[in-house]
Structures are given as structure tokens and as C-alpha cells.
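Here's the structure, in C-alpha cells; my notes come after.
The values are calculated or read from the model by the stated rules, or taken from the named source; none is laboratory data. No experiment lies behind these values; they were computed from the predicted model shown. Quick reminder, even Gly has a Cβ in these numbers, built from the backbone with ideal geometry, and neighbours come from all protein chains shown. All accessible areas refer to the heavy atoms of the entire protein, side chains included, with ligands and DNA or RNA removed. Shrake-Rupley method; radii C 1.70, N 1.55, O 1.52, S 1.80 Å.
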Amino acid sequence: MAIILTGMGAGRRATRIMERLVREARGVLVASLTIYTHNPNDRDNYQGPSQNQDLAVVMATRAGREIPLPTR
């Protein structure tokens, strides 16, 4: 299971809940990522919400490509 969660700014709690639900369902969590559309994803280079939303898309796309495929 991989979790990619987006939120305006309070995603950490939601991510923890999702991770717990995966564990309770006896799932195997291989990756978890919280991305914000409002709060800075890169505090050092934050330019505003529009730039941050673009960065969120890039981060989600990159994460989707880097998550390892399951093996049997």
C-alpha cells in the first residue's frame, strides 16, 4: 500500500490516521507522502500558493514513479 495524501495544510494527522488504518487492516505500507496545496512544500523556496500547487503536482508525480512495485 502506498499513501499519497494531499491537503491544504493539515495533512499530517490525516496521514497518521491512514497509516494506522493500513496497519490495522494488516496491509504492508511501502510509502507514505503528505503534500500540501496551500502550506509550503519547500519552505526555502516558497513563492506563494500557485507555485506551491505546481510543486505538489511534481512531488506526487515523482512519488508515484518512485514507489516500488509489489513483488510476489
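Computed quantities for the displayed model
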quantity	calculated
Close pairs from the stretch 55-72: first assigned to a loop (DSSP other than H, G, I, E, B), partner open to solvent by less than 40 Å² (accessible area, probe 1.4 Å), Cβ under 6 Å, at least 6 apart	ILE67/ALA31
For SER50: the one exception among (1) assigned to a loop (DSSP other than H, G, I, E, B); (2) exposed (fewer than 11 other Cβ atoms within 10 Å of the Cβ)	(1)
Qualifying residue in the stretch 4-21 (condition: at pLDDT 85 or above, among the hydrophobic types (A, V, I, L, M, F, W, C), part of a helix (DSSP H, G or I) and surrounded by 16 or more Cβ atoms within 10 Å (Cβ to Cβ))	yes
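Residues checked against (1) of a type in the set (S, T, N, Q); (2) in contact with a strand residue (DSSP E or B) (Cβ under 8 Å, 6 or more places away or on another chain); (3) in contact (Cβ under 8 Å) with a residue 40 or more places away in the chain:
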| position | (1), (2), (3) |
| --- | --- |
| ALA2 | no, yes, yes |
| ARG23 | no, no, no |
| THR34 | yes, yes, no |
| ASP44 | no, no, no |
